[in-house]
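The values are calculated or read from the model by the stated rules, or taken from the named source; none is laboratory data. Note that the coordinates shown come from a computational prediction; the quantities given were computed from them, not determined experimentally. Positions of Cβ are backbone-derived with ideal geometry, glycine not excepted, and every protein chain shown enters the neighbour counts. Each accessible area value is taken on the protein alone, full model and side chains, heavy atoms only, with ligands, DNA and RNA left out. Shrake-Rupley method; radii C 1.70, N 1.55, O 1.52, S 1.80 Å.
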Number of protein chains: 2
Amino acid sequence: MKQIHEVVAQNLAAYRAKQHMSLDKVSKLTGVSKTMLSQIEKAESNPTITVLWKISSGLRIPLSALTSEVETKVDHIRREYLTPIDTGNEAITIYPYFPFDTKRGFELFVMEFDGKATFLSEGHYQQSEEYILVNEGELQLLIDREWHVIREGEAIRFQSDAAHTYKNATNTRLSLTVTVFYQEKND
Amino acid sequence: MKQIHEVVAQNLAAYRAKQHMSLDKVSKLTGVSKTMLSQIEKAESNPTITVLWKISSGLRIPLSALTSEVETKVDHIRREYLTPIDTGNEAITIYPYFPFDTKRGFELFVMEFDGKATFLSEGHYQQSEEYILVNEGELQLLIDREWHVIREGEAIRFQSDAAHTYKNATNTRLSLTVTVFYQEKND
DNA sequence: TCATGTTGTTTGATATAATGTACTAAATGA
DNA sequence: TCATTTAGTACATTATATCAAACAACATGA
């Protein structure tokens, strides 16, 4: 969950170190001021795409060499860093365990509904597929004007391009594990 | 040779049109202001990497979907659009026919030397390979403290990571076609 | 030892990225 | 026809990206 400009900072600094280049050298090569380069490396600046392009182009490396995060072997998502998404509805909480990442092309989150809560998803504007596991409670799902009832321990899979509605008709808590796959990959 | 922010403009506008989304909708999805989106689409703004990331991430598309140029079938490089690179030396002119492009990983240019002109290349800070064809005149090339003489109609290939020097020892014009391949690919 | 480079940071000035609000024009519907 | 919504643009304001020049810290060498 590193900020993109921090990723750039890290990548640029690492590259420059590896090549044993000074800020001055990179500045000459890319036409970007020494000051800016220094600030970018310290993540104190949010470079414009034009500046990033000048850097990648001047150094003859792909843009993605600056923007793509170096993969760690393991990613342990700790409770304390999991900040719920604001859905605008008190009764519904979403925990983004693995938010959408372009490299993987999917996202994985947990949705929790209080009793009698309803949530409308507008649809994803992409070829996308949604996989839902019901951890606890009972889910009613409206897809294409048809209601489906998925009980605790069950699961459902559907094309989620179009709008669909989640409903907890019971008075007890409903908890779902949701995975959404999108089409386009790479970065 | 389109500017990067023009590429982004085109890609974003095209994507939004394809998905039949309004600026408002994209703004809600991405958390980027309608105004900014409009300006980006009109290439009136140079978005920061953070804004681009918010867009790509909010729309669930890769960054490269915004930054990579849509390929045309044919690219005719016309004389009138070929602006020589300033080498800091009046006697040497470089015509960048196909400047470095991250997708291809190479560049192709023509170098022209007046009589008795010398040019030092600092080396490319990358695994790179240089291919030189002598179109006209005679080239003397210093690689790794060894001089090579390449005559009109001949060619040479070498690892160009390290510094090397081009020299026109004659009094007549020297013209080269140079291709440089770099390692890293993709974007 | 002093002078001269080299490397990265700080400073101050300017351009412009980014936002929210207000506005115009077009589409929709009763 | 008039009112209401929707879609994009224009405007004013704030935040900040970008640069050139000055600076400090350290190395280099004569």
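Here are a few things to note about the model shown:
- Kirkwood Rh, angstrom, the protein assembly as shown [1 / mean 1/r, Cα pairs]: 24.2 Å
- Loop-located GluC sites (Glu not before Pro) in segment A:96-160 (DSSP state other than H, G, I, E, B) with a sparse environment of at most 16 neighbouring Cβ atoms within 10 Å: A:GLU122, A:GLU152, A:GLU154.
- Each Lys or Arg adds one and each Asp or Glu takes one away; over the other residues whose Cβ falls under 13 Å from the Cβ of B:LEU37, this sums to +3.
- Bins of 10 Å, starting at 0 and running to the largest distance - Cα pair percent for chain B: 8, 29, 23, 18, 14, 7, 1
- The relative contact order of segment B:1-106 comes to 23 percent, based on Cα pairs under 8 Å that sit 6 or more residues apart.
- Cα convex hull, segment B:12-56: 61 Å³ per residue, rounded to a whole number.
- Taking a sphere under 12 Å around the Cβ of A:THR93 and counting the other residues whose Cβ falls inside, with K and R at +1 and D and E at -1, yields a net charge of -3.
- The base-10 log of I(q)/I(0) for segment A:1-105, evaluated at q = 0.19, 0.20 Å⁻¹, reads -0.94, -1.00 [Debye formula, identical scatterers on Cα atoms, solvent excluded].
- Surface analysis of segment B:1-86 yields an accessible area of 57 Å² per residue, using protein heavy atoms and a 1.4 Å probe.
- Calculated mean residue ellipticity, 222 nm, chain B: -7000 deg cm²/dmol, from DSSP H runs (n ≥ 4) at -39500 (n - 2.57) each, averaged per residue and rounded to 500.
- The smallest convex shape that holds all Cα atoms of segment B:44-130, its convex hull, gives 191 Å³ per residue.
- Across the identical copies, the label point of A:LYS18 (7 Å from Cα in the Cβ direction) is separated from its matches by 3.1 nm, in order from shortest.
- Total accessible surface hidden between A and B, rounded to 100 Å², 1.4 Å probe: 3000 Å²
- Translational diffusion coefficient (Stokes-Einstein; Kirkwood radius from C-alpha pairs) of segment B:79-182 at 20 °C, 1.002 mPa s, in µm²/s: 154 µm²/s
- Partner chain coverage, peptide A:67-73 - average Cβ within 10 angstrom: 2
- Surface composition of the protein assembly as shown: carbon and sulfur make up 49 percent of the accessible area, probe 1.4 Å.
- Summary value for chain B: 19 percent relative contact order, contacts being C-alpha pairs under 8 angstrom separated by 6+ residues.
- Annotation for B:ILE94, label-to-label distances across the other copies: 4.9 nm (shortest first, one decimal, point 7 Å from Cα along Cα→Cβ).
- Calculated diffusion of segment B:125-187, Stokes-Einstein form, Kirkwood radius summed over Cα pairs, 10 °C and 1.306 mPa s, µm²/s: 128 µm²/s
- Put the Cα centre of segment A:97-151 next to the Cα centre of segment B:1-55 and the gap is 28 Å.
- Dipole of chain A computed with +1 at Lys/Arg Cβ and -1 at Asp/Glu Cβ about the Cα centre; of A:ASN135, A:THR35, A:ASN171, farthest Cα towards the positive end is A:THR35.
- Where trypsin sites (Lys or Arg not before Pro) fall in DSSP loop in segment A:17-107, at most 15 other Cβ within 10 Å: A:LYS42, A:LYS73, A:ARG78, A:LYS103, A:ARG104
- Solvent-accessible area lost in complex, 30 Å² minimum, residues of segment A:124-145 relative to chain alone, 1.4 Å: A:TYR125, A:GLN126
- For B:LYS73, label point 7 Å along C-beta direction: distances to other copies, nm: 5.1
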